[in-house]
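Quick notes on the structure that follows.
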Amino acid sequence: MRQLLLMRHAKSSWDDPKLSDHARPLNARGRLAAATMRRAMRDLGLSPDVVLVSSARRTLQTLEALEPWDETPLVEPMDALYLATTGQLLQVLRGVAETARSVLLIGHNPGLHELAMTLVGAHAITLGGNAVQRLAEGYPTGALAEFAVAGAWRNLGEGGGRLLRFLCPRDLPELAV
């Protein structure tokens, strides 16, 4: 069984209107949320072999807040993940080496949310479940979905993941509102 972790970048800043979308950094709340998610991931034993991260500043800063890892993963910043569609994200994931046991992809909405819903599959959506219902409602900044993937990365597609957990920063005691 393989593990796929899908994380949306933490909350970004809109303070400088001259910055391009690609160059927007995390704001203070985003930095705190990412650091809090790091502790939660460590407590849950979530440690990827491979990290695929969008080349946008806010995704790279989210990754920085998750480090250091107990075991250093292979990190691959990718321009192709910036505002990628579900199809583009699937194409990247299908190219992951079959030796990778656990992959963390840090990206953007709406593609990330649509990918997560695609992996859950229409049948699982109708069955429901708390994590699936929460995921269906949206994918907030800093949120993390953990999937179990039974097949090969190259065959990943609709219904190809079983959602194990959907964790949002606001779920954590340090950030509860």
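Under the condition of being of a type outside the set (Ser, Thr, Tyr) and part of a loop (DSSP other than H, G, I, E, B), which residue from region 97-112 is nearest to Tyr82 (Cα to Cα)? Among residues in region 97-112 that are of a type outside the set (Ser, Thr, Tyr) and part of a loop (DSSP other than H, G, I, E, B), the one nearest to Tyr82 (Cα to Cα) is His108. Of all residues in region 142-159, those satisfying the criterion of being under 16 Å from the mean Cα position of the chain (by Cα) and either not in a loop (DSSP other than H, G, I, E, B) or not hydrophobic (A, V, I, L, M, F, W, C) (or both) are Gly142, Leu144, Ala145, Glu146, Phe147, Ala148, Val149. Yes or no: Ala80 closer than 19 Å to Glu174 by Cβ and either of a type in the set (A, V, I, L, M) or outside any strand (DSSP E or B) (or both)? Considered against the rule, which asks whether it is closer than 19 Å to Glu174 by Cβ and either of a type in the set (A, V, I, L, M) or outside any strand (DSSP E or B) (or both), Ala80 comes out as no.
Residues that are surrounded by 15 or more Cβ atoms within 10 Å (Cβ to Cβ) and among the polar types (S, T, N, Q) within region 82-113 comprise Thr86, Gln88, Ser102, Asn109, listed in sequence order. A Cβ distance below 6 Å, combined with a sequence gap of six or more or placement on separate chains, defines the contacts here; from region 133-149, residues that are loosely packed, with under 15 Cβ neighbours inside 10 Å reach residues that are of a type outside the set (S, T, N, Q) in the pairs Ala148/Met1; Ala148/Arg162; Ala148/Leu164. Within region 13-34, the set of residues being more than 30 Å from Leu156 (Cα to Cα) and surrounded by 14 or more Cβ atoms within 10 Å (Cβ to Cβ) comprises Ser13, Leu19, Arg24, Pro25, Leu26, Asn27, Arg29, Gly30, Arg31, Leu32.
Among the residues of region 3-41, those that are in contact (Cβ under 8 Å) with a residue 40 or more places away in the chain and hydrophobic (A, V, I, L, M, F, W, C) comprise Leu4, Leu5, Leu6, Met7, Ala10, Leu32, Ala33, Ala34, Met37, Ala40, Met41. Of all the listed residues (Leu52, Leu19), the sole one being aliphatic (A, V, I, L, M) and at pLDDT 95 or above is Leu52.
Is region 61-68 home to any residue that is in a loop (DSSP other than H, G, I, E, B), out of contact with any Lys or Arg (no Cβ under 9 Å at 6 or more places or on another chain) and of a type outside the set (Val, Ile, Thr)? Checking region 61-68: at least one residue is in a loop (DSSP other than H, G, I, E, B), out of contact with any Lys or Arg (no Cβ under 9 Å at 6 or more places or on another chain) and of a type outside the set (Val, Ile, Thr). So, in region 42-57, of the ones that are buried (at least 19 other Cβ atoms within 10 Å of the Cβ) and touching a helix residue (DSSP H, G or I) at 6+ places or on another chain (Cβ under 7 Å), which residue ends up nearest to Val103 (Cα to Cα)? Step by step, filter region 42-57, then rank; the result is Val51.
Exactly one residue among Gly111, Gly121, Gly45, Gly95 is at positive phi, in contact (Cβ under 8 Å) with a residue 24 or more places away in the chain, out of contact with any strand residue (DSSP E or B) (no Cβ under 6 Å at 6 or more places or on another chain) and not hydrophobic (A, V, I, L, M, F, W, C), and that residue is Gly121. Consider region 15-44 and keep the residues that are farther than 17 Å from Glu146 by Cβ and of a type in the set (D, E, K, R). The one that is nearest to the chain's Cα centre (by Cα) is Arg31.
The values are calculated or read from the model by the stated rules, or taken from the named source; none is laboratory data. Treat the numbers as computed from the prediction; the structure is a model and nothing was measured. Using ideal geometry, Cβ is built from the backbone for each residue, glycine included, and neighbour counts are taken over all protein chains shown.
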